Amino acid sequence: MKAQPKASHFVDGAYVEDKAGAPIEVIYPATGEVIAVVHEATAAVVEAALASAKRAQAEWAAMKPVERSRILRRAADMIRDRGDELARLETLDTGKPIQETIVADWPSGADSLEWFAGLAPTVTGETVPLGRDFVYTIREPLGVCVGIGAWNYPSQIACWKAAPALSLGNAMVFKPSEVTPLGALMLAEIFVEAGLPAGLFNVVQGRGAVGASLVTDPRVAKVSLTGSVPTGRKVYAAAADGVKAVTMELGGKSPLVVFDDASVEDAVGAAMLGNFYSAGQVCSNGTRVFVQKGIKARFLERLAARTAGIVLGDPLDEATQMGPLVSAAQLEKVLGYIATAKAEGARLVCGGGRAAPNTGFYVQPTVFADVTDGMTIAREEVFGPVMAVLDFETEEEVVARANDTEFGLAAGVFTADLTRAHRVIARLEAGTCWINAYNLTPVEGPFGGSKMSGVGRENGRAAVEHYTQVKSVYVGMGPVDAPY
Ligand code: NAD
């Protein structure tokens, strides 16, 4: 199996290679096979990317928004037209089942391009009357934005950052995760075919140091990172030094609260989606499933039965429901958390080990019950198909326990009592919440975290504030009243 891109980077409208950069092997997680090799960006590649972005941005910002939008809409259509091919590439890059990548990854990216293309031309300023004089405001682009991606939704992340940035008149230099470098190159290629002027969306490959060199460059106005909390701290600090704007989409340990009166089938289905989709490698997953004692037995019984039916296998087979983890390192990490959970006394309900075929990085969908708040799997982000089920008795108790975490990305509530649902959601400390649903993230709704899980929001109208700045213009209509 091969998925070698035409070159490692995409700069100023064309593929660029510089083999002086350290090699990065792209490994197909289902087999461990090397399917491509790209090279880390050298300082020269980074310089070319930033220089072309800076050059291209001014002209792009001066275009009519509707003209910019037309290009992004064309890119969205091209993504949909090439859906099968792009889904296959995403599956090779990540190991996620094609059943998912065909409906979730690139399609959600196309949605964001289409939606922001529609929104951007409606973004206007305001006029503030002051009697004779007045103030008017303009929403201006920020300039050159840097996007840095995680490996779990590589193409969706690239689109979710590019769509608001470009539609609102910015340029972007994007660094994909070194684990999944392929999808962003396809996006750059599609943009150019759709008519995006050269330099507005550049892709440079590399590990953390390449990301760090982008963040500190004085030409960069804004940094949008999707990654872990430790990386977020570093990137936020580096951006603060240059007083740059940031969007931080970081990790989570989100609560999913299931009350006694909930539909057990719906709550079980949501808990499975929120722990097993993408083999559990989703930042907003509801990895602490709090189940009220009255339905605990029924919940666990249905959960075990439905989990036993999950089809693991070849990610390219449309029948496969769960693929491998993204890398050998992630496999080791997740197996380590499973071992710790067992050692700390969590009760294993199902799964709990590696899954065949052993050449790939597969882990069985795993459920632990009787998990308590202090256990490691209830506190740390596992990022694998490992669900922790905790018991609770009262609403007051579960709200306090759900909030007892440094993270605040997401939260969900299942109950038939809508008054309680809204009351509980209002008290949960999380940026992205669901009632009687989980992990649905339409581009129309703002997405992001509170507390250590992030700063700013992607998607929805909220993203406009994070890719523009307000210029306020006072217009004097009469003589200047000076006391001198
Ligand atoms: P990571 O933090 O290891 O890496 C993220 C990106 O940052 C990579 O591209 C990496 O090369 C880069 N990077 C590392 N050090 C850097 C530095 N000093 N300066 C600049 N860039 C640097 O995260 P990961 O392992 O790729 O992804 C998994 C994490 O991402 C999880 O914690 C997950 O919760 C989080 N995530 C969050 C969201 C969200 O929207 N909130 C979405 C997906 C993933």
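The values are calculated or read from the model by the stated rules, or taken from the named source; none is laboratory data. Source: prediction; values computed, not measured. When we count neighbours, we look across all protein chains shown, and the Cβ atoms used for this are built from the backbone with ideal geometry, even at glycine. Ligands, DNA and RNA are excluded from the accessible area calculation, which covers all protein heavy atoms including side chains. Shrake-Rupley method; radii C 1.70, N 1.55, O 1.52, S 1.80 Å.
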Discussion item. Looking at segment 231-252 only, could you name the residues that are more than 9 Å from the ligand (Cβ to nearest atom) and open to solvent by less than 10 Å² (accessible area, probe 1.4 Å)?
Written reply: 239, 247
Item to complete: For segment 389-413, enumerate the residues that are surrounded by 23 or more Cβ atoms within 10 Å (Cβ to Cβ) and either within 16 Å of the ligand (Cβ to nearest atom) or among the hydroxyl-bearing types (Ser, Thr, Tyr) (or both).
Response: 407, 408, 409, 410, 411, 412
Worksheet item: Here are 68, 82, 74, 132: which of them is open to solvent by 70 Å² or more (accessible area, probe 1.4 Å), touching a residue at least 24 places away in the same chain (Cβ under 8 Å) and within 22 Å of residue 174 (Cα to Cα)?
Response: 74
Worksheet item: What helices (runs of 4 or more DSSP H), lying completely within segment 42-146, carry at least 3 residues that are touching a strand residue (DSSP E or B) at 6+ places or on another chain (Cβ under 8 Å) and under 27 Å from residue 215 (Cα atoms)?
Response: 43-62
Fill in: Restricting segment 147-184 to residues that are aliphatic (A, V, I, L, M) and farther than 22 Å from residue 123 by Cα, the residue that is nearest to the ligand (Cβ to nearest atom)
150
Fill in: Any chance residue 273 is part of a helix (DSSP H, G or I), surrounded by 14 or more Cβ atoms within 10 Å (Cβ to Cβ) and of a type in the set (A, V, I, L, M, F, W, C)
yes
Item to complete: Mind listing just one residue for me: the one in segment 452-481 that is within 12 Å of the ligand (Cβ to nearest atom) and among the charged types (D, E, K, R) and, of those, most open to solvent (accessible area, probe 1.4 Å)?
Response: 457
Item to complete: Tell me which residues, restricted to segment 178-192, are surrounded by 24 or more Cβ atoms within 10 Å (Cβ to Cβ) and assigned to a loop (DSSP other than H, G, I, E, B).
Response: 180, 181
Discussion item. Please pick out the residue among 223, 144 that is within 10 Å of the ligand (Cβ to nearest atom), open to solvent by less than 10 Å² (accessible area, probe 1.4 Å) and within 25 Å of residue 43 (Cα to Cα).
Written reply: 223
Worksheet item: Looking at this structure, is residue 288 open to solvent by 20 Å² or more (accessible area, probe 1.4 Å), more than 13 Å from the ligand (Cβ to nearest atom) and among the charged types (D, E, K, R)?
Response: no
Discussion item. Going by what's in this entry, would residue 140 be described as modelled with pLDDT of 95 or more and within 18 Å of residue 16 (Cβ to Cβ)?
Written reply: no
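Residues are listed down the side, and each one gets a yes or a no for (1) outside any loop (DSSP other than H, G, I, E, B); (2) touching a Lys or Arg at 6+ places or on another chain (Cβ under 8 Å); (3) at pLDDT 95 or above:
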{"position": "230", "(1), (2), (3)": "yes, no, yes"}
{"position": "248", "(1), (2), (3)": "yes, no, yes"}
{"position": "257", "(1), (2), (3)": "yes, no, yes"}
{"position": "268", "(1), (2), (3)": "yes, yes, yes"}
{"position": "286", "(1), (2), (3)": "no, no, yes"}
{"position": "303", "(1), (2), (3)": "yes, no, yes"}
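To keep it simple, each residue is scored yes or no on (1) of a type outside the set (Asp, Glu); (2) more than 20 Å from residue 269 (Cα to Cα).
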residue: 314; (1), (2): no, yes
residue: 323; (1), (2): yes, no
residue: 331; (1), (2): yes, yes
residue: 338; (1), (2): yes, yes
residue: 347; (1), (2): yes, yes
residue: 354; (1), (2): yes, yes
residue: 368; (1), (2): yes, no
residue: 372; (1), (2): yes, yes
Fill in: Residue in segment 420-430 that is crowded, with 17+ Cβ neighbours inside 10 Å and within 16 Å of the ligand (Cβ to nearest atom) present
yes
Practice prompt. Out of 416, 369, report the one residue that is surrounded by fewer than 17 Cβ atoms within 10 Å (Cβ to Cβ), aliphatic (A, V, I, L, M) and touching a residue at least 12 places away in the same chain (Cβ under 8 Å).
Written response: 416
Worksheet item: When you scan segment 193-213, how many residues do you find that are assigned to a loop (DSSP other than H, G, I, E, B) and more than 9 Å from the ligand (Cβ to nearest atom)?
Response: 8
